[in-house]
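Below is one structure, written out as structure tokens, with a few remarks after it.
What follows is calculated from the coordinates using simple rules that are stated; it is not laboratory data. Quick caveat: nothing in here was measured; it's all calculated off a predicted structure. In this analysis, Cβ positions are derived from the backbone assuming ideal geometry, glycine residues included, and neighbour counts consider all displayed protein chains.
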């Protein structure tokens, strides 16, 4: 089964319907049966739209385990002795449960992924009324039933959101285990954002309930020529193609402090002011795992039992990497010489990262989901080798793949955190952590990547 | 958990009161200079201290004091601070508000048992007792003793003067042993308003804001061991410095959203709750202004929910090019570095205008099936309230919205083990009038 993508769907507005009346009546009966007090509070407050539209994405919050290099160890915290074979680190996380039946969905408890599924949304258009709906359920924490934590979805950076859809639990509501909530968005501002659970967010964010979301501009589909190259996909409504790209890759930054993760698994509390990042992650993995393949379910809108998740609803591991089953998102950048590649960076670690590309310049065309333009239109974009990305900050950059000059199948450029303690895996020597490769293929060469099917797709036939 | 340095809170409270009483008496006896005057503080927003009544020549007396502040985990911390005139200890120092072009005088009265001084980063031509304020070097040791001329221990006085030539937001802070003295609390904010345009951040009309929606976000941090060492007269190895508390306007959440001058925070007068009205092109077209300042040791990535701030100035410089091009930038992460100030216009507007008659297009689930937040009205809609399930309490008054803003280096929104405290505050959005808000 394939669900609708972000461009379709959206509720039809109808007047008060029979269904709504029935719903109200039914709930009132329940109230009477439950205890006799008759507050309005138990009545679902329904809007004029009778049947809520189909959801575009269905996420579940739960706990689970991930894989990080077991050596060198950080006794007693890493690797965690409670971890299942091949895995090392206890996490909280989101899963995409779109397209699953109830049994499959409920079966994803204790099967969180890190980082969360990437998703993307078309800019809201009054004409098509393309609202985007994310249903969130809370499957509970298998290893820590004592916590009974609620979850929310906070779309970090969404402008002018009402508290009801902001996911900040003090100002609105949050979702306890076994319950559901649907967030409705009308994203009016293109750009790169991030999302996370905002309940106890010091803990839930660090434990892994974080991911990337971006908004595609209305300009997509138009044709603009810029720098001698014609584009149909863009980062922003630039009007001139200056943010056009051939391929796009999300680079979501997060961190793991082994002690805090161990503490959650072992019913302890960390002293957060002792925080440090033992591991720095790109899309939920450390180098060289970052260049391992995508899992089959990375496009959240293309879901099918048996292909993108198994019959029980569980994730299918990336080819050749069973240990990365719950870290499905690759960070390898594949491109062809001359192509313009968009890199979307967002950081939900707790430390500033210094992401550096050796050998090609990055043009910063957007920041915090805002094109680099002053109020009077002044172009404030700039080129750099290193992006200093603070916690909660996002950058949209473009790189142009240089000519392929080496003898191998591709030229390799390195993208890494210039804060070197976060581009290693604790071991001396060698790179690790927040690092990946950009591979540039010759144009027209056999083995060069084809068109990209979804963000972070390598463009090779499955 | 480490040994905490503090004894019972009740004892500390007693000490604060006693010290405050002595200070008040001493101050009354010593003063002959007209004290700077503070307007009656608004409940929310910036509390300006103005320097007397002579136009163009504000005069401030700042007296160094010692005292205690309350922290969100129940601890208190021993502090040093600048107080207004000869008042009792307060933290942080008074917000000095002047006008561009003013000839400003700040008279430092030192009561500490160490020498101290004040520097004014961003001000030019600062003079101390009539001569240029310059770094002081000990003739014997050759060591630098301060970034400017200081006031001797216990009774010293020094008078600083400068012309406030640039509009913007600035810090003032100790220039003597700053890694101890600034961290102990010897800092405050200086606001320079454009001449004739007190409702603008800078000279450009595009920086105009709504006066009642001007807020200060002054970020700082505390290593309790350093403060305990100072209190007990012991040495503190700065290599071991490690912040355990982070504060906004000298308070940690939830104290941060209490009113200015809240009675239970006698020495922490500045709240940081922003109370705003929704944007309306006819009745409420101007944004608010958040003046961010950091005296911390590392970047603080502050994140306001629900609106992107428009950064119109940094460090007292408007974001315009020399040829007048607009270089302002919208951001949802205000990554403020040590010693920086950022001026950020912000507004909230009801983009979708949701209401009971224009409802959200989704079934609103029963509140019994949700965890209800402390500030939630029970309804998704501005100005609307709903009855809450039995036993569920809310602080919501009239269907107003509360939208958070907080430091996003999330380990910094803790207080030595107490999560979800520290530099967190809210934007309170009032329903359109008429409303039932207090």
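See the values below:
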item: Simple label model, 7 Å out from Cα along Cβ direction - residue A:414 to residue B:297, nm; result: 3.1 nm
item: The range A:60-105 and the range B:374-438: distance between their alpha carbon centers, rounded to Å; result: 33 Å
item: Neighbour-count order for A:151, B:317, B:305, fewest beta carbons within 10 angstrom listed first; result: B:317, B:305, A:151
item: Taking chain A and dividing mean pair separation by its residue count, relative contact order in percent (alpha carbons under 8 Å, at least six apart); result: 15 percent
item: Mean separation of Cα contacts under 8 Å, 6 or more apart, over the residue count of chain B: relative contact order %; result: 14 percent
item: The range A:245-295-the range B:338-371 distance, computed between alpha-carbon centres (Å); result: 30 Å
item: Residue-span extension gain [residue B:57 to residue B:103] - 0.36 nm each, minus C-alpha spacing; result: 16.1 nm
item: Cβ-derived FRET efficiency at R0 41 Å, residue B:435 paired with residue A:70, nearest 0.05; result: 0.10
item: Two-decimal Rg/Rh across chain A, once Rg and the Kirkwood Rh are taken from alpha-carbon atoms; result: 0.98
item: Solution diffusion estimate, µm²/s, Stokes-Einstein, the protein assembly as shown, Kirkwood Rh from C-alpha pairs, 4 °C, viscosity 1.567 mPa s; result: 45 µm²/s
item: Contact order relative to length of the range A:338-402, as percent, for alpha carbon pairs under 8 angstrom and 6 or more apart; result: 54 percent
item: Compactness of the range A:300-442 - radius of gyration and Dmax, Cα, Å; result: 17.8, 55
item: Nearest-0.05 FRET efficiency for residue A:361 and residue A:144, computed from C-beta distance (R0 56 Å); result: 0.75
item: Highest to lowest packing among A:215-223, A:244-252, scored as the average C-beta count within 10 Å; result: A:244-252, A:215-223
item: The range B:140-211 versus the range B:263-309: alpha-carbon centroid distance in Å; result: 21 Å
item: Pairwise label distance in nanometres, residue A:375 with residue A:268, each label 7 Å out on the Cα-Cβ vector; result: 5.2 nm
item: Distance between modelled label sites at residue A:314 and residue B:198, nm, 7 Å Cα→Cβ extension; result: 6.9 nm
item: Residues in the range A:302-346 that a label on residue A:454 would reach, taking backbone N under 11 Å of a point 7 Å out along Cα→Cβ; result: A:302-304, A:308-309, A:329
item: Stretchable slack from residue A:403 to residue A:427, in nm (0.36 nm times residue separation minus alpha-carbon distance); result: 5.2 nm
item: Net length gained if the chain between residue B:137 and residue B:284 were fully extended (0.36 nm per residue, minus Cα distance); result: 47.5 nm
item: Förster-model FRET efficiency, 35 Å R0, residue B:179 and residue B:317, C-beta, rounded to 0.05; result: 0.85
item: Along each principal axis, Cα extent of chain B, largest first, Å; result: 77, 57, 40
item: Mean residue ellipticity (222 nm) of chain B, computed from DSSP H runs ≥ 4 via -39,500 (n - 2.57), nearest 500; result: -2500 deg cm²/dmol
item: Helix B:9-30 axis, angle to chain B major axis (alpha carbon atoms, nearest 10°); result: 60 degrees
item: Peptide A:386-394, shielding by other chains (average Cβ, 10 Å cutoff); result: 6
